[in-house]
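Undergrad: Following this message is one structure expressed as C-alpha coordinates.
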Amino acid sequence: MKTLIYAILFLFSWVAAKSQSGCFPEGISFAHQYEIEWFQANYSWCTHIEGNVHIFGEDIYSLGGLSGVKSIGGSLYIGDPFWWTNLRSLNGLQGLTYVGGGITLQNNPFLRNIEGLGNVESLGTGQLLIEMNDSLTLLAGLEKITTIEGGVWVTGNHSLLNFLGLSNLTYINRNGFYCENNYLLADFTGLENLKKCIGILKIGINESLVNIDALTGLNEFGGGVFIHDNAALENLDGIANIPGTSISYLRIFNNPLLTKCHVQSVCDRLAYGVGGLNQIENNGPGCADYYEVVHKCESIGVDEPSLPEVFSIIENPDDDFIVIEAGNHSAAYTCDVYDLRGRRVLHRLFQEETNTISTASLRSGIYLLRIQGDGQYAVKKFCKK
(Lines give C-alpha, C1' and ligand atoms only; values in the text may rest on other atoms or scores of the structure.)
Protein backbone atom coordinates (compact mmCIF):
# COMPACT_ATOMS: atom_id res chain seq x y z
CA MET A 1 0.00 0.00 0.00
CA LYS A 2 2.82 2.38 0.92
CA THR A 3 4.52 1.59 -2.37
CA LEU A 4 1.38 2.56 -4.27
CA ILE A 5 1.06 5.81 -2.32
CA TYR A 6 4.70 6.69 -2.99
CA ALA A 7 4.23 5.93 -6.67
CA ILE A 8 1.19 8.20 -6.85
CA LEU A 9 3.01 11.00 -5.00
CA PHE A 10 5.98 10.64 -7.33
CA LEU A 11 3.69 10.85 -10.36
CA PHE A 12 2.03 14.01 -9.09
CA SER A 13 5.42 15.54 -8.27
CA TRP A 14 6.69 14.72 -11.75
CA VAL A 15 3.66 16.27 -13.42
CA ALA A 16 3.91 19.36 -11.19
CA ALA A 17 7.60 19.75 -11.95
CA LYS A 18 6.95 19.54 -15.67
CA SER A 19 4.14 22.07 -15.46
CA GLN A 20 6.48 24.55 -13.80
CA SER A 21 9.47 24.03 -16.07
CA GLY A 22 10.28 24.93 -19.62
CA CYS A 23 11.17 22.79 -22.57
CA PHE A 24 13.45 22.83 -25.61
CA PRO A 25 16.31 25.01 -24.37
CA GLU A 26 17.97 24.37 -27.73
CA GLY A 27 14.87 25.64 -29.55
CA ILE A 28 12.37 23.88 -31.80
CA SER A 29 11.35 24.09 -35.46
CA PHE A 30 8.00 23.21 -37.01
CA ALA A 31 8.16 22.44 -40.73
CA HIS A 32 4.84 20.58 -41.01
CA GLN A 33 1.36 20.87 -39.55
CA TYR A 34 1.56 17.43 -37.95
CA GLU A 35 4.59 18.55 -35.92
CA ILE A 36 2.52 21.31 -34.32
CA GLU A 37 -0.18 18.77 -33.47
CA TRP A 38 2.52 16.45 -32.10
CA PHE A 39 3.72 19.23 -29.78
CA GLN A 40 0.22 19.67 -28.38
CA ALA A 41 -0.14 15.93 -27.83
CA ASN A 42 3.24 15.35 -26.21
CA TYR A 43 4.17 18.66 -24.58
CA SER A 44 0.86 20.07 -23.43
CA TRP A 45 2.50 20.58 -20.02
CA CYS A 46 5.09 22.98 -21.47
CA THR A 47 4.13 26.64 -21.18
CA HIS A 48 7.62 28.08 -21.67
CA ILE A 49 9.83 27.23 -24.65
CA GLU A 50 13.31 28.24 -23.58
CA GLY A 51 14.99 28.55 -26.99
CA ASN A 52 13.98 29.86 -30.41
CA VAL A 53 10.78 28.81 -32.16
CA HIS A 54 10.86 28.56 -35.97
CA ILE A 55 7.63 27.91 -37.86
CA PHE A 56 7.86 27.39 -41.61
CA GLY A 57 6.48 25.05 -44.24
CA GLU A 58 3.86 25.28 -46.96
CA ASP A 59 1.42 22.89 -45.28
CA ILE A 60 1.23 24.82 -41.99
CA TYR A 61 -2.20 26.40 -41.74
CA SER A 62 -2.96 26.49 -37.98
CA LEU A 63 -1.07 27.32 -34.79
CA GLY A 64 -3.74 25.91 -32.51
CA GLY A 65 -1.35 23.26 -31.22
CA LEU A 66 0.71 26.00 -29.54
CA SER A 67 -2.20 27.43 -27.57
CA GLY A 68 -0.65 26.44 -24.23
CA VAL A 69 2.60 28.33 -24.76
CA LYS A 70 2.81 31.46 -22.63
CA SER A 71 6.40 32.56 -23.17
CA ILE A 72 9.38 32.02 -25.45
CA GLY A 73 12.87 32.67 -24.16
CA GLY A 74 14.43 33.08 -27.59
CA SER A 75 13.09 34.44 -30.87
CA LEU A 76 9.84 33.59 -32.64
CA TYR A 77 10.21 33.15 -36.40
CA ILE A 78 7.09 32.58 -38.48
CA GLY A 79 8.05 31.98 -42.10
CA ASP A 80 11.48 32.64 -43.61
CA PRO A 81 12.92 33.93 -46.90
CA PHE A 82 12.89 30.50 -48.55
CA TRP A 83 9.81 28.73 -47.15
CA TRP A 84 6.39 30.31 -46.82
CA THR A 85 3.46 29.22 -44.71
CA ASN A 86 -0.24 28.81 -45.48
CA LEU A 87 -1.27 30.75 -42.39
CA ARG A 88 -4.22 33.14 -42.68
CA SER A 89 -3.97 34.25 -39.06
CA LEU A 90 -1.92 33.68 -35.92
CA ASN A 91 -4.80 32.27 -33.91
CA GLY A 92 -3.43 29.85 -31.37
CA LEU A 93 -0.85 32.25 -29.99
CA GLN A 94 -3.28 34.17 -27.77
CA GLY A 95 -1.65 32.74 -24.64
CA LEU A 96 1.73 34.19 -25.54
CA THR A 97 2.78 37.18 -23.42
CA TYR A 98 6.57 37.28 -23.73
CA VAL A 99 9.10 36.63 -26.52
CA GLY A 100 12.61 37.36 -25.27
CA GLY A 101 14.40 37.45 -28.61
CA GLY A 102 11.84 39.32 -30.67
CA ILE A 103 9.38 38.38 -33.41
CA THR A 104 10.01 37.87 -37.13
CA LEU A 105 7.07 37.45 -39.53
CA GLN A 106 8.57 36.81 -42.93
CA ASN A 107 7.22 35.52 -46.22
CA ASN A 108 3.66 34.61 -45.22
CA PRO A 109 1.78 35.51 -48.42
CA PHE A 110 -1.70 34.59 -47.14
CA LEU A 111 -1.43 36.08 -43.65
CA ARG A 112 -4.30 38.58 -43.26
CA ASN A 113 -4.06 39.51 -39.59
CA ILE A 114 -1.77 39.09 -36.60
CA GLU A 115 -4.34 39.56 -33.85
CA GLY A 116 -3.19 36.28 -32.31
CA LEU A 117 -0.25 38.22 -30.88
CA GLY A 118 -2.61 40.49 -28.97
CA ASN A 119 -1.40 39.48 -25.51
CA VAL A 120 2.33 39.86 -26.17
CA GLU A 121 3.59 42.57 -23.81
CA SER A 122 7.35 42.36 -24.28
CA LEU A 123 9.87 41.39 -26.94
CA GLY A 124 12.72 41.33 -24.43
CA THR A 125 15.89 42.55 -26.10
CA GLY A 126 14.74 41.49 -29.56
CA GLN A 127 13.49 43.09 -32.74
CA LEU A 128 10.20 43.28 -34.59
CA LEU A 129 10.57 42.32 -38.25
CA ILE A 130 7.51 42.17 -40.51
CA GLU A 131 8.53 41.46 -44.09
CA MET A 132 7.01 40.07 -47.29
CA ASN A 133 3.51 39.42 -45.98
CA ASP A 134 1.58 40.40 -49.09
CA SER A 135 -1.97 40.07 -47.70
CA LEU A 136 -1.39 41.89 -44.42
CA THR A 137 -3.28 45.20 -44.30
CA LEU A 138 -3.05 46.16 -40.61
CA LEU A 139 -0.80 45.49 -37.62
CA ALA A 140 -3.64 45.10 -35.11
CA GLY A 141 -2.45 42.71 -32.43
CA LEU A 142 0.63 44.57 -31.25
CA GLU A 143 -1.16 47.07 -29.01
CA LYS A 144 0.41 45.88 -25.75
CA ILE A 145 3.96 46.50 -26.92
CA THR A 146 5.37 49.82 -25.68
CA THR A 147 9.12 49.43 -26.25
CA ILE A 148 11.18 47.49 -28.79
CA GLU A 149 14.83 47.12 -27.88
CA GLY A 150 16.20 45.58 -31.07
CA GLY A 151 14.78 47.80 -33.82
CA VAL A 152 11.77 47.66 -36.14
CA TRP A 153 11.69 46.54 -39.79
CA VAL A 154 8.47 46.81 -41.80
CA THR A 155 9.39 46.02 -45.39
CA GLY A 156 7.86 44.49 -48.50
CA ASN A 157 4.29 44.24 -47.20
CA HIS A 158 2.47 45.25 -50.35
CA SER A 159 -1.04 45.55 -48.85
CA LEU A 160 -0.16 47.33 -45.60
CA LEU A 161 -2.08 50.61 -45.26
CA ASN A 162 -0.77 52.14 -42.01
CA PHE A 163 0.69 51.30 -38.60
CA LEU A 164 -2.50 50.88 -36.62
CA GLY A 165 -1.65 48.27 -34.02
CA LEU A 166 1.51 50.00 -32.84
CA SER A 167 -0.43 52.82 -31.20
CA ASN A 168 1.22 52.31 -27.79
CA LEU A 169 4.79 52.07 -29.04
CA THR A 170 6.84 54.87 -27.46
CA TYR A 171 10.46 53.78 -27.72
CA ILE A 172 12.66 52.01 -30.29
CA ASN A 173 16.20 51.25 -29.14
CA ARG A 174 19.21 50.20 -31.24
CA ASN A 175 19.06 49.65 -34.99
CA GLY A 176 16.22 52.13 -35.45
CA PHE A 177 13.16 51.99 -37.69
CA TYR A 178 13.09 50.79 -41.30
CA CYS A 179 10.05 51.23 -43.53
CA GLU A 180 10.61 50.20 -47.14
CA ASN A 181 8.82 48.71 -50.14
CA ASN A 182 5.30 48.93 -48.73
CA TYR A 183 3.46 49.88 -51.92
CA LEU A 184 0.04 50.81 -50.48
CA LEU A 185 1.24 52.46 -47.28
CA ALA A 186 -0.46 55.87 -47.24
CA ASP A 187 0.78 57.35 -43.98
CA PHE A 188 2.22 56.50 -40.58
CA THR A 189 -1.08 56.55 -38.68
CA GLY A 190 -0.63 54.48 -35.52
CA LEU A 191 2.79 55.82 -34.57
CA GLU A 192 1.56 59.01 -32.91
CA ASN A 193 2.93 57.95 -29.51
CA LEU A 194 6.46 57.19 -30.68
CA LYS A 195 8.72 59.54 -28.69
CA LYS A 196 12.21 58.09 -28.96
CA CYS A 197 14.18 56.23 -31.63
CA ILE A 198 17.85 55.25 -31.46
CA GLY A 199 19.39 54.16 -34.74
CA ILE A 200 18.61 54.79 -38.39
CA LEU A 201 15.26 56.17 -39.52
CA LYS A 202 14.93 54.82 -43.06
CA ILE A 203 11.85 55.47 -45.18
CA GLY A 204 12.14 54.38 -48.80
CA ILE A 205 10.34 53.08 -51.89
CA ASN A 206 6.85 53.47 -50.43
CA GLU A 207 5.02 54.47 -53.60
CA SER A 208 1.75 55.63 -52.00
CA LEU A 209 3.19 57.38 -48.94
CA VAL A 210 1.88 60.96 -48.84
CA ASN A 211 3.03 62.11 -45.40
CA ILE A 212 4.75 61.01 -42.21
CA ASP A 213 2.86 63.43 -39.96
CA ALA A 214 2.24 60.76 -37.29
CA LEU A 215 5.91 61.03 -36.30
CA THR A 216 5.59 64.58 -34.94
CA GLY A 217 5.86 63.25 -31.37
CA LEU A 218 9.35 61.92 -32.06
CA ASN A 219 11.61 64.28 -30.09
CA GLU A 220 14.48 62.05 -28.93
CA PHE A 221 16.71 60.59 -31.61
CA GLY A 222 20.19 59.33 -32.29
CA GLY A 223 21.18 58.13 -35.74
CA GLY A 224 20.90 58.79 -39.45
CA VAL A 225 17.86 59.93 -41.43
CA PHE A 226 17.49 58.26 -44.84
CA ILE A 227 14.41 59.17 -46.92
CA HIS A 228 14.45 58.10 -50.55
CA ASP A 229 12.36 57.05 -53.56
CA ASN A 230 8.92 57.82 -52.12
CA ALA A 231 6.94 58.79 -55.21
CA ALA A 232 4.08 60.62 -53.44
CA LEU A 233 5.73 62.09 -50.33
CA GLU A 234 5.12 65.85 -50.15
CA ASN A 235 6.75 67.14 -46.96
CA LEU A 236 8.89 66.24 -43.95
CA ASP A 237 6.72 67.87 -41.28
CA GLY A 238 6.61 64.60 -39.36
CA ILE A 239 10.28 64.75 -38.39
CA ALA A 240 10.36 68.46 -37.54
CA ASN A 241 10.72 67.85 -33.80
CA ILE A 242 13.79 65.61 -33.97
CA PRO A 243 16.79 67.50 -32.51
CA GLY A 244 18.88 68.40 -35.53
CA THR A 245 22.20 67.86 -33.76
CA SER A 246 21.17 64.29 -32.93
CA ILE A 247 21.07 63.38 -36.64
CA SER A 248 24.36 61.68 -37.52
CA TYR A 249 23.81 61.88 -41.28
CA LEU A 250 21.09 63.10 -43.62
CA ARG A 251 20.16 61.57 -46.99
CA ILE A 252 17.06 62.77 -48.82
CA PHE A 253 16.83 61.96 -52.51
CA ASN A 254 14.61 60.78 -55.38
CA ASN A 255 11.32 61.97 -53.87
CA PRO A 256 9.83 63.77 -56.90
CA LEU A 257 6.88 65.45 -55.12
CA LEU A 258 8.81 66.40 -51.99
CA THR A 259 8.78 70.21 -51.95
CA LYS A 260 9.17 70.94 -48.23
CA CYS A 261 12.38 69.76 -46.63
CA HIS A 262 13.06 72.94 -44.66
CA VAL A 263 11.65 71.76 -41.34
CA GLN A 264 13.37 72.63 -38.07
CA SER A 265 15.26 69.37 -37.63
CA VAL A 266 16.69 69.40 -41.15
CA CYS A 267 17.65 73.07 -40.95
CA ASP A 268 19.33 72.59 -37.58
CA ARG A 269 21.21 69.58 -38.91
CA LEU A 270 22.45 71.53 -41.92
CA ALA A 271 23.47 74.45 -39.72
CA TYR A 272 24.98 72.70 -36.71
CA GLY A 273 25.10 68.95 -37.28
CA VAL A 274 28.62 67.57 -37.57
CA GLY A 275 30.04 64.37 -38.97
CA GLY A 276 28.35 62.23 -41.55
CA LEU A 277 26.98 63.10 -44.95
CA ASN A 278 24.40 65.73 -45.89
CA GLN A 279 22.93 64.51 -49.20
CA ILE A 280 19.86 66.22 -50.65
CA GLU A 281 19.14 65.79 -54.36
CA ASN A 282 16.58 64.88 -57.02
CA ASN A 283 13.52 65.95 -55.04
CA GLY A 284 10.75 68.39 -55.97
CA PRO A 285 11.09 72.20 -56.27
CA GLY A 286 12.15 73.70 -52.94
CA CYS A 287 14.01 70.54 -52.00
CA ALA A 288 15.78 69.83 -55.25
CA ASP A 289 19.26 70.00 -53.79
CA TYR A 290 21.29 70.85 -50.72
CA TYR A 291 21.71 74.54 -51.53
CA GLU A 292 18.02 75.05 -52.22
CA VAL A 293 17.14 73.69 -48.78
CA VAL A 294 19.80 75.82 -47.07
CA HIS A 295 18.24 78.88 -48.73
CA LYS A 296 14.73 77.87 -47.64
CA CYS A 297 15.97 77.35 -44.08
CA GLU A 298 16.77 81.06 -43.85
CA SER A 299 13.04 81.73 -43.61
CA ILE A 300 12.57 79.72 -40.39
CA GLY A 301 15.89 80.25 -38.61
CA VAL A 302 17.85 77.64 -36.69
CA ASP A 303 18.23 76.76 -33.04
CA GLU A 304 21.87 77.31 -32.08
CA PRO A 305 22.93 74.80 -29.42
CA SER A 306 24.19 76.34 -26.19
CA LEU A 307 27.74 75.69 -25.02
CA PRO A 308 28.37 73.75 -21.80
CA GLU A 309 29.76 76.06 -19.13
CA VAL A 310 33.08 74.23 -19.15
CA PHE A 311 33.91 75.40 -22.71
CA SER A 312 34.18 78.87 -24.25
CA ILE A 313 35.17 79.71 -27.83
CA ILE A 314 36.77 82.97 -28.96
CA GLU A 315 37.03 83.75 -32.67
CA ASN A 316 39.91 85.91 -33.86
CA PRO A 317 38.76 88.94 -35.88
CA ASP A 318 41.40 88.20 -38.50
CA ASP A 319 40.01 84.67 -38.93
CA ASP A 320 43.42 83.07 -38.56
CA PHE A 321 42.71 81.08 -35.42
CA ILE A 322 40.16 80.15 -32.77
CA VAL A 323 40.89 80.12 -29.05
CA ILE A 324 39.26 77.47 -26.87
CA GLU A 325 39.02 77.91 -23.12
CA ALA A 326 38.34 74.64 -21.31
CA GLY A 327 38.04 76.11 -17.80
CA ASN A 328 38.94 73.52 -15.19
CA HIS A 329 38.33 70.65 -17.62
CA SER A 330 41.31 68.39 -16.89
CA ALA A 331 40.72 65.45 -19.24
CA ALA A 332 41.83 65.36 -22.86
CA TYR A 333 39.29 66.53 -25.42
CA THR A 334 39.03 66.58 -29.20
CA CYS A 335 38.32 69.49 -31.52
CA ASP A 336 37.00 68.79 -35.00
CA VAL A 337 36.11 71.24 -37.76
CA TYR A 338 33.52 70.25 -40.38
CA ASP A 339 32.25 71.92 -43.51
CA LEU A 340 28.50 72.12 -44.05
CA ARG A 341 28.56 68.96 -46.12
CA GLY A 342 29.58 67.08 -42.99
CA ARG A 343 33.18 66.49 -44.05
CA ARG A 344 35.84 66.78 -41.35
CA VAL A 345 38.58 69.18 -42.44
CA LEU A 346 40.55 69.58 -39.18
CA HIS A 347 41.15 67.37 -36.15
CA ARG A 348 43.04 68.23 -32.98
CA LEU A 349 43.53 66.60 -29.56
CA PHE A 350 44.09 68.92 -26.59
CA GLN A 351 44.62 68.64 -22.86
CA GLU A 352 45.57 72.17 -21.79
CA GLU A 353 43.01 74.64 -20.47
CA THR A 354 43.71 77.14 -23.28
CA ASN A 355 44.36 76.01 -26.85
CA THR A 356 44.44 77.51 -30.31
CA ILE A 357 43.28 76.08 -33.62
CA SER A 358 44.68 77.65 -36.78
CA THR A 359 42.09 78.19 -39.51
CA ALA A 360 44.54 79.67 -42.01
CA SER A 361 44.39 76.58 -44.25
CA LEU A 362 40.61 76.69 -44.63
CA ARG A 363 38.85 78.16 -47.63
CA SER A 364 36.34 80.94 -47.13
CA GLY A 365 32.96 79.71 -45.93
CA ILE A 366 30.89 78.52 -43.00
CA TYR A 367 32.26 75.78 -40.74
CA LEU A 368 31.25 73.94 -37.60
CA LEU A 369 33.57 73.40 -34.65
CA ARG A 370 32.78 70.43 -32.42
CA ILE A 371 34.50 69.99 -29.05
CA GLN A 372 34.04 66.71 -27.22
CA GLY A 373 35.45 65.28 -24.03
CA ASP A 374 34.53 63.74 -20.71
CA GLY A 375 30.94 63.10 -21.75
CA GLN A 376 30.31 66.69 -22.88
CA TYR A 377 30.35 68.32 -26.27
CA ALA A 378 29.88 71.75 -27.79
CA VAL A 379 29.11 72.84 -31.34
CA LYS A 380 29.83 76.33 -32.67
CA LYS A 381 29.42 77.76 -36.15
CA PHE A 382 32.06 80.17 -37.45
CA CYS A 383 32.78 82.00 -40.68
CA LYS A 384 36.16 81.91 -42.42
CA LYS A 385 36.50 85.00 -44.60
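Undergrad: Return yes or no: is HIS228 of a type outside the set (Gly, Ala, Ser), surrounded by fewer than 23 Cβ atoms within 10 Å (Cβ to Cβ) and touching a helix residue (DSSP H, G or I) at 6+ places or on another chain (Cβ under 8 Å)?
TA: Numbers: of a type outside the set (Gly, Ala, Ser): yes; surrounded by fewer than 23 Cβ atoms within 10 Å (Cβ to Cβ): yes; touching a helix residue (DSSP H, G or I) at 6+ places or on another chain (Cβ under 8 Å): no.
Taking the combined requirement at face value, the residue does not satisfy it.
Undergrad: Just to be sure before I move on: is GLY284 at pLDDT below 95 and not in a helix (DSSP H, G or I) in the structure I sent?
TA: no
Undergrad: Here is a further query. Which one is surrounded by the fewest Cβ atoms within 10 Å (Cβ to Cβ) among residues in the range 372-384 that are within 22 Å of GLY224 (Cα to Cα) and more than 28 Å from the chain's Cα centre (by Cα)?
TA: LYS381
Undergrad: Within the range 49-70, track down each residue that is aromatic (Phe, Trp, Tyr) and buried (at least 21 other Cβ atoms within 10 Å of the Cβ).
TA: PHE56
Undergrad: Just to verify a result, which residue in the range 160-185, among those that are of a type in the set (Ser, Thr, Tyr) and within 26 Å of ALA231 (Cβ to Cβ), is surrounded by the most Cβ atoms within 10 Å (Cβ to Cβ)?
TA: Only one residue tops the list, namely TYR178.
Undergrad: Let me ask you something else. Wholly within the range 73-163, which strands (runs of 3 or more DSSP E) include no fewer than the required count, namely at least 2 residues that are in contact (Cβ under 8 Å) with a residue 12 or more places away in the chain and more than 21 Å from HIS32 (Cβ to Cβ)?
TA: Details: elements: 76-78, 102-106, 127-131, 152-155.
Here the list reads 102-106, 127-131, 152-155.
Undergrad: Give the range 334-362 a look and list any residue that's part of a loop (DSSP other than H, G, I, E, B), touching an Asp or Glu at 6+ places or on another chain (Cβ under 9 Å) and loosely packed, with under 15 Cβ neighbours inside 10 Å, or say none.
TA: Within the range 334-362, GLU353, ALA360 qualify.
Undergrad: Taking the range 241-256 as the region of interest, how many residues are surrounded by fewer than 21 Cβ atoms within 10 Å (Cβ to Cβ) and in a loop (DSSP other than H, G, I, E, B)?
TA: Looking only at that region, the number is 4.
Undergrad: Quick one: is LYS144 in contact with a helix residue (DSSP H, G or I) (Cβ under 6 Å, 6 or more places away or on another chain), of a type outside the set (Ser, Thr, Tyr) and either outside the structural domain of THR97 (by TED's automatic domain parsing) or farther than 22 Å from PHE253 by Cα (or both)?
TA: no
Undergrad: With (1) in contact with a Gly (Cβ under 7 Å, 6 or more places away or on another chain); (2) surrounded by 15 or more Cβ atoms within 10 Å (Cβ to Cβ); (3) modelled with pLDDT under 75 as the list, and ALA331 as the residue in question, which single condition is left unmet?
TA: ALA331 satisfies every listed condition except (2).
Undergrad: Follow-up question, since we're still on this one. With the structure loaded, tell me whether HIS262 is out of contact with any strand residue (DSSP E or B) (no Cβ under 7 Å at 6 or more places or on another chain), at pLDDT 95 or above and more than 25 Å from THR147 (Cβ to Cβ) or whether it fails that test.
TA: Against the criterion (out of contact with any strand residue (DSSP E or B) (no Cβ under 7 Å at 6 or more places or on another chain), at pLDDT 95 or above and more than 25 Å from THR147 (Cβ to Cβ)), HIS262 qualifies.
Undergrad: Further question on the same structure: What number of residues within the range 201-213 satisfy the criterion of being within 14 Å of the chain's Cα centre (by Cα) and surrounded by fewer than 19 Cβ atoms within 10 Å (Cβ to Cβ)?
TA: Counting residues in the range 201-213 that are within 14 Å of the chain's Cα centre (by Cα) and surrounded by fewer than 19 Cβ atoms within 10 Å (Cβ to Cβ) gives 0.
The values are calculated or read from the model by the stated rules, or taken from the named source; none is laboratory data. From a predicted model like this one, the values you see are computed outputs, not experimental measurements. Note: ideal-geometry Cβ built from the backbone for every residue, glycine included; neighbour counts use all protein chains shown.
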